[in-house]
Amino acid sequence: MAANNRRMSGKKGAQVGSGGQRRRGLEGKGPTPPAEMRKGHKKNRVAGAKAKQAARRPATLKSRGGKGTSEMVVGRNSVVEALREGVPASMLYVQQFIDNDERVREALQLAGERGGIHLMEAPRPELDRMTNGLNHQGLVLQVPPYEYAHTEDLAAAAYDQGQDPLIVALDGVTDPRNLGAVVRSVSAFGGHGVVVPERRAAGMTAGAWKTSAGAAARTPVARATNLTRALEGYKKAGIAIVGLAADGEHTVGDLEALGGPVVIVVGSEGKGLSRLVGETCDYRVRIPMPGGTESLNAGVAAGVVLYEAARRRS
(Lines give C-alpha, C1' and ligand atoms only; values in the text may rest on other atoms or scores of the structure.)
Protein backbone atom coordinates (compact mmCIF):
# COMPACT_ATOMS: atom_id res chain seq x y z
CA MET A 1 0.00 0.00 0.00
CA ALA A 2 2.85 2.36 0.86
CA ALA A 3 4.48 1.49 -2.46
CA ASN A 4 1.30 2.37 -4.29
CA ASN A 5 1.17 5.72 -2.47
CA ARG A 6 4.74 6.48 -3.48
CA ARG A 7 3.94 5.71 -7.14
CA MET A 8 0.87 7.94 -7.09
CA SER A 9 2.73 10.84 -5.38
CA GLY A 10 5.24 10.86 -8.23
CA LYS A 11 2.59 11.72 -10.84
CA LYS A 12 2.36 15.31 -12.06
CA GLY A 13 -1.00 17.04 -11.82
CA ALA A 14 -2.55 20.49 -11.72
CA GLN A 15 -1.37 22.50 -8.78
CA VAL A 16 -3.90 23.58 -6.22
CA GLY A 17 -4.92 27.20 -6.70
CA SER A 18 -3.65 27.53 -10.32
CA GLY A 19 -6.82 29.48 -11.18
CA GLY A 20 -6.88 28.10 -14.73
CA GLN A 21 -3.56 29.70 -15.70
CA ARG A 22 -2.61 26.76 -17.88
CA ARG A 23 -5.97 26.82 -19.59
CA ARG A 24 -5.64 30.55 -20.36
CA GLY A 25 -2.12 29.99 -21.64
CA LEU A 26 -3.52 27.71 -24.31
CA GLU A 27 -5.97 30.32 -25.56
CA GLY A 28 -5.26 32.10 -28.88
CA LYS A 29 -3.75 35.60 -28.89
CA GLY A 30 -5.30 36.84 -32.13
CA PRO A 31 -3.84 37.01 -35.66
CA THR A 32 -0.09 37.30 -36.10
CA PRO A 33 0.86 40.92 -36.86
CA PRO A 34 2.64 41.62 -40.18
CA ALA A 35 6.40 41.35 -40.25
CA GLU A 36 6.82 45.14 -40.39
CA MET A 37 5.15 45.43 -36.97
CA ARG A 38 6.96 42.61 -35.17
CA LYS A 39 9.86 43.87 -33.08
CA GLY A 40 13.15 42.23 -33.92
CA HIS A 41 12.05 41.14 -37.40
CA LYS A 42 14.24 42.23 -40.31
CA LYS A 43 11.33 43.96 -42.08
CA ASN A 44 10.53 45.88 -38.90
CA ARG A 45 14.09 47.20 -38.72
CA VAL A 46 14.03 48.16 -42.42
CA ALA A 47 10.70 49.98 -42.03
CA GLY A 48 12.04 51.84 -39.00
CA ALA A 49 15.16 52.93 -40.87
CA LYS A 50 13.09 54.23 -43.80
CA ALA A 51 10.87 56.19 -41.46
CA LYS A 52 13.88 57.83 -39.80
CA GLN A 53 15.38 58.74 -43.19
CA ALA A 54 12.09 60.31 -44.28
CA ALA A 55 11.94 62.33 -41.08
CA ARG A 56 15.48 63.65 -41.62
CA ARG A 57 14.86 64.54 -45.28
CA PRO A 58 14.38 68.30 -45.87
CA ALA A 59 10.76 69.34 -46.33
CA THR A 60 11.58 71.07 -49.63
CA LEU A 61 12.49 67.78 -51.22
CA LYS A 62 9.14 66.27 -50.34
CA SER A 63 7.12 68.91 -52.18
CA ARG A 64 9.12 69.21 -55.39
CA GLY A 65 8.35 67.36 -58.57
CA GLY A 66 6.42 64.23 -57.76
CA LYS A 67 3.75 62.31 -59.61
CA GLY A 68 0.37 63.34 -60.86
CA THR A 69 -2.70 61.13 -60.61
CA SER A 70 -3.66 58.32 -62.95
CA GLU A 71 -6.70 58.77 -65.17
CA MET A 72 -8.96 56.84 -67.51
CA VAL A 73 -9.59 57.63 -71.17
CA VAL A 74 -13.02 56.22 -72.06
CA GLY A 75 -14.86 55.74 -75.32
CA ARG A 76 -13.76 54.24 -78.63
CA ASN A 77 -12.88 57.47 -80.44
CA SER A 78 -11.06 58.95 -77.41
CA VAL A 79 -9.04 55.78 -76.82
CA VAL A 80 -7.99 55.51 -80.47
CA GLU A 81 -6.99 59.19 -80.60
CA ALA A 82 -4.97 58.87 -77.40
CA LEU A 83 -3.11 55.85 -78.76
CA ARG A 84 -2.47 57.60 -82.08
CA GLU A 85 -0.98 60.65 -80.32
CA GLY A 86 1.33 58.57 -78.15
CA VAL A 87 -0.37 59.27 -74.83
CA PRO A 88 1.39 57.08 -72.22
CA ALA A 89 -0.73 54.09 -71.25
CA SER A 90 -0.29 51.05 -69.05
CA MET A 91 -3.50 49.07 -69.58
CA LEU A 92 -6.22 48.76 -72.23
CA TYR A 93 -9.47 47.30 -70.88
CA VAL A 94 -11.73 45.68 -73.47
CA GLN A 95 -15.28 44.65 -72.71
CA GLN A 96 -16.12 40.97 -73.02
CA PHE A 97 -18.13 40.06 -76.13
CA ILE A 98 -17.62 43.56 -77.56
CA ASP A 99 -18.80 44.37 -81.09
CA ASN A 100 -15.52 44.23 -83.01
CA ASP A 101 -15.76 47.32 -85.21
CA GLU A 102 -12.98 49.25 -86.97
CA ARG A 103 -12.15 51.43 -83.93
CA VAL A 104 -11.83 48.44 -81.62
CA ARG A 105 -9.52 46.70 -84.08
CA GLU A 106 -7.38 49.82 -84.47
CA ALA A 107 -7.11 50.29 -80.69
CA LEU A 108 -5.95 46.70 -80.26
CA GLN A 109 -3.48 47.05 -83.14
CA LEU A 110 -2.00 50.33 -81.82
CA ALA A 111 -1.66 48.96 -78.31
CA GLY A 112 0.06 45.85 -79.62
CA GLU A 113 2.44 47.77 -81.87
CA ARG A 114 3.54 50.14 -79.14
CA GLY A 115 4.33 47.44 -76.59
CA GLY A 116 4.22 47.82 -72.84
CA ILE A 117 0.43 48.16 -72.78
CA HIS A 118 -1.30 45.23 -71.11
CA LEU A 119 -4.62 44.05 -72.54
CA MET A 120 -7.33 43.07 -70.08
CA GLU A 121 -10.77 41.69 -70.90
CA ALA A 122 -13.43 42.71 -68.39
CA PRO A 123 -17.22 42.35 -68.10
CA ARG A 124 -19.35 45.43 -68.73
CA PRO A 125 -20.40 45.86 -65.05
CA GLU A 126 -16.73 46.07 -64.05
CA LEU A 127 -16.02 48.76 -66.68
CA ASP A 128 -19.13 50.65 -65.56
CA ARG A 129 -17.79 50.61 -62.00
CA MET A 130 -14.29 51.71 -63.04
CA THR A 131 -15.60 54.67 -65.06
CA ASN A 132 -18.39 55.70 -62.67
CA GLY A 133 -21.03 54.93 -65.26
CA LEU A 134 -19.51 56.90 -68.16
CA ASN A 135 -20.29 55.81 -71.72
CA HIS A 136 -17.06 53.84 -72.25
CA GLN A 137 -18.38 51.89 -75.30
CA GLY A 138 -16.36 48.88 -74.21
CA LEU A 139 -12.89 50.52 -74.29
CA VAL A 140 -11.03 52.06 -71.34
CA LEU A 141 -7.39 53.18 -71.45
CA GLN A 142 -5.43 53.50 -68.19
CA VAL A 143 -3.02 56.48 -68.24
CA PRO A 144 -0.30 56.27 -65.54
CA PRO A 145 0.60 59.25 -63.31
CA TYR A 146 2.82 61.84 -64.97
CA GLU A 147 6.35 62.20 -63.57
CA TYR A 148 6.85 65.92 -62.96
CA ALA A 149 10.34 67.44 -62.97
CA HIS A 150 11.77 69.70 -60.26
CA THR A 151 11.72 73.41 -61.09
CA GLU A 152 15.48 73.80 -60.62
CA ASP A 153 16.15 70.85 -62.94
CA LEU A 154 14.93 72.82 -65.95
CA ALA A 155 17.57 75.53 -65.58
CA ALA A 156 20.25 72.99 -64.66
CA ALA A 157 19.58 71.00 -67.85
CA ALA A 158 19.96 74.15 -69.96
CA TYR A 159 23.28 75.08 -68.37
CA ASP A 160 24.50 71.51 -68.80
CA GLN A 161 23.92 71.96 -72.55
CA GLY A 162 25.83 75.24 -72.53
CA GLN A 163 22.65 77.25 -73.16
CA ASP A 164 20.79 80.03 -71.39
CA PRO A 165 17.56 78.73 -69.84
CA LEU A 166 14.36 79.43 -71.76
CA ILE A 167 11.40 78.42 -69.59
CA VAL A 168 7.68 79.15 -69.64
CA ALA A 169 5.68 79.37 -66.40
CA LEU A 170 1.87 79.30 -66.41
CA ASP A 171 -0.09 81.29 -63.86
CA GLY A 172 -3.73 80.28 -63.47
CA VAL A 173 -4.03 78.39 -66.76
CA THR A 174 -6.62 75.67 -66.15
CA ASP A 175 -7.27 74.25 -69.62
CA PRO A 176 -5.08 71.17 -70.29
CA ARG A 177 -5.23 71.91 -74.02
CA ASN A 178 -3.54 75.27 -73.42
CA LEU A 179 -0.85 73.52 -71.40
CA GLY A 180 -0.33 71.03 -74.23
CA ALA A 181 -0.07 73.86 -76.77
CA VAL A 182 2.52 75.66 -74.63
CA VAL A 183 4.56 72.46 -74.27
CA ARG A 184 4.48 72.09 -78.06
CA SER A 185 5.65 75.70 -78.59
CA VAL A 186 8.44 75.36 -76.01
CA SER A 187 9.69 72.27 -77.80
CA ALA A 188 9.45 73.92 -81.23
CA PHE A 189 11.47 77.01 -80.23
CA GLY A 190 14.19 75.22 -78.27
CA GLY A 191 12.89 75.89 -74.75
CA HIS A 192 13.88 73.86 -71.74
CA GLY A 193 10.59 73.20 -69.99
CA VAL A 194 7.32 74.43 -68.52
CA VAL A 195 6.44 75.22 -64.90
CA VAL A 196 2.87 74.88 -63.59
CA PRO A 197 1.50 75.47 -60.09
CA GLU A 198 0.46 72.45 -58.07
CA ARG A 199 -3.02 73.82 -57.31
CA ARG A 200 -5.75 75.44 -59.37
CA ALA A 201 -3.91 74.82 -62.63
CA ALA A 202 -3.92 72.40 -65.54
CA GLY A 203 -1.74 69.33 -65.20
CA MET A 204 -0.33 66.84 -67.68
CA THR A 205 -3.51 64.93 -68.42
CA ALA A 206 -4.28 62.85 -71.49
CA GLY A 207 -5.80 65.97 -73.07
CA ALA A 208 -2.57 67.91 -72.59
CA TRP A 209 -0.56 65.03 -74.04
CA LYS A 210 -2.74 64.91 -77.15
CA THR A 211 -2.53 68.67 -77.75
CA SER A 212 1.25 68.61 -77.39
CA ALA A 213 1.39 66.30 -80.43
CA GLY A 214 4.18 64.21 -78.92
CA ALA A 215 6.24 67.16 -77.64
CA ALA A 216 5.45 66.19 -74.03
CA ALA A 217 7.77 63.21 -74.45
CA ARG A 218 10.69 65.59 -75.12
CA THR A 219 9.87 68.66 -73.00
CA PRO A 220 9.75 68.33 -69.20
CA VAL A 221 6.99 69.89 -67.12
CA ALA A 222 7.79 70.89 -63.53
CA ARG A 223 5.25 71.43 -60.81
CA ALA A 224 5.76 74.13 -58.17
CA THR A 225 4.07 74.08 -54.78
CA ASN A 226 4.30 77.89 -54.76
CA LEU A 227 4.80 79.56 -58.14
CA THR A 228 5.92 82.91 -56.68
CA ARG A 229 8.58 81.20 -54.59
CA ALA A 230 9.76 79.21 -57.61
CA LEU A 231 10.11 82.42 -59.66
CA GLU A 232 12.06 84.06 -56.83
CA GLY A 233 14.40 81.07 -56.89
CA TYR A 234 15.01 81.59 -60.59
CA LYS A 235 15.71 85.29 -59.97
CA LYS A 236 18.34 84.45 -57.36
CA ALA A 237 19.99 82.22 -59.97
CA GLY A 238 20.31 85.20 -62.33
CA ILE A 239 17.38 84.39 -64.61
CA ALA A 240 15.14 87.27 -65.73
CA ILE A 241 11.40 86.92 -65.08
CA VAL A 242 9.27 88.33 -67.92
CA GLY A 243 5.52 88.48 -67.44
CA LEU A 244 3.00 88.96 -70.25
CA ALA A 245 0.46 91.71 -69.54
CA ALA A 246 -1.86 93.73 -71.77
CA ASP A 247 -0.65 96.93 -70.07
CA GLY A 248 3.03 95.98 -69.96
CA GLU A 249 5.67 98.72 -70.00
CA HIS A 250 7.67 96.99 -72.76
CA THR A 251 6.79 95.46 -76.09
CA VAL A 252 7.97 91.97 -76.99
CA GLY A 253 10.10 93.15 -79.91
CA ASP A 254 12.00 95.71 -77.79
CA LEU A 255 12.91 93.59 -74.76
CA GLU A 256 16.58 92.61 -74.94
CA ALA A 257 16.24 90.39 -71.85
CA LEU A 258 14.59 87.75 -74.03
CA GLY A 259 17.99 87.02 -75.55
CA GLY A 260 19.41 85.81 -72.24
CA PRO A 261 18.36 83.41 -69.46
CA VAL A 262 14.64 84.02 -69.02
CA VAL A 263 11.41 82.66 -67.61
CA ILE A 264 8.34 83.80 -69.55
CA VAL A 265 5.25 83.93 -67.34
CA VAL A 266 1.85 83.61 -69.02
CA GLY A 267 -1.36 84.27 -67.12
CA SER A 268 -4.90 83.13 -67.75
CA GLU A 269 -6.81 84.55 -70.69
CA GLY A 270 -9.42 86.20 -68.48
CA LYS A 271 -7.56 87.39 -65.38
CA GLY A 272 -3.98 87.62 -66.60
CA LEU A 273 -1.18 87.46 -64.04
CA SER A 274 -2.03 87.20 -60.36
CA ARG A 275 -0.92 90.10 -58.16
CA LEU A 276 1.97 88.36 -56.39
CA VAL A 277 3.31 86.81 -59.59
CA GLY A 278 3.08 90.16 -61.39
CA GLU A 279 5.02 91.87 -58.61
CA THR A 280 7.73 89.20 -58.84
CA CYS A 281 8.37 89.84 -62.55
CA ASP A 282 11.42 91.90 -63.57
CA TYR A 283 9.68 93.02 -66.78
CA ARG A 284 6.07 93.19 -67.92
CA VAL A 285 5.69 93.03 -71.68
CA ARG A 286 2.79 93.32 -74.07
CA ILE A 287 2.18 91.89 -77.52
CA PRO A 288 1.13 94.62 -79.98
CA MET A 289 -2.12 93.62 -81.70
CA PRO A 290 -3.11 96.08 -84.45
CA GLY A 291 -6.22 94.04 -85.19
CA GLY A 292 -7.75 95.04 -81.89
CA THR A 293 -8.10 91.60 -80.32
CA GLU A 294 -8.27 92.03 -76.56
CA SER A 295 -6.22 88.97 -75.61
CA LEU A 296 -4.66 85.78 -76.90
CA ASN A 297 -4.97 82.38 -75.31
CA ALA A 298 -1.99 81.07 -73.38
CA GLY A 299 -0.74 78.78 -76.15
CA VAL A 300 -0.68 81.50 -78.82
CA ALA A 301 0.77 84.18 -76.52
CA ALA A 302 3.56 81.88 -75.39
CA GLY A 303 4.35 80.98 -78.99
CA VAL A 304 4.74 84.64 -80.01
CA VAL A 305 7.18 85.43 -77.18
CA LEU A 306 9.09 82.19 -77.63
CA TYR A 307 9.60 83.00 -81.30
CA GLU A 308 11.10 86.39 -80.39
CA ALA A 309 13.36 84.76 -77.77
CA ALA A 310 14.53 82.14 -80.28
CA ARG A 311 15.15 84.83 -82.93
CA ARG A 312 17.39 86.79 -80.55
CA ARG A 313 19.37 83.67 -79.68
CA SER A 314 19.99 82.55 -83.26
Query raised in the report: To the nearest 0.05, what FRET efficiency results for Ala188 and Glu106 with a Förster distance of 35 Å applied to their C-beta separation?
Result: 0.80
Report task. Determine the gain in length on full extension of the stretch Arg114-Arg199; use 0.36 nm per residue of separation and subtract their C-alpha separation, reporting nm with one decimal. Result -> 27.3 nm
**Report entry** Per residue value of the accessible surface for region 95-245 (all protein chains in place, 1.4 Å probe), Å²
**Finding:** 48
Report summary line: Log entry: pair-distance distribution for region 215-306, C-alpha pairs binned every 10 Å from zero, whole % per bin is 15, 50, 31, 5
Query raised in the report: Mind checking which aspartates and glutamates have their C-alpha under 13 Å from Lys271, skipping anything on the same chain fewer than 8 residues away?
Result: Asp171, Asp247, Glu294
Query raised in the report: For region 188-297, which whole-number percentage of the solvent-accessible area (1.4 Å probe, protein heavy atoms only) is attributable to carbon and sulfur atoms?
Result: 47
**Report entry** Note, ³J(HN,Hα) from phi for region 227-239, Karplus 6.51, -1.76, 1.60, rounded to Hz, x at Gly and Pro
**Finding:** 5, 4, 5, 5, 5, 5, x, 5, 4, 4, 7, x, 9
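The values are calculated or read from the model by the stated rules, or taken from the named source; none is laboratory data. None of the values given here were measured: they were computed from a predicted structure. Here the Cβ is made from the backbone with ideal geometry for all residues, glycine too, and neighbour counts use every protein chain on show. Ligands, DNA and RNA are stripped out before the accessible areas are found, and what is left, the full protein with its side chains, is counted by its heavy atoms. Shrake-Rupley method; radii C 1.70, N 1.55, O 1.52, S 1.80 Å.
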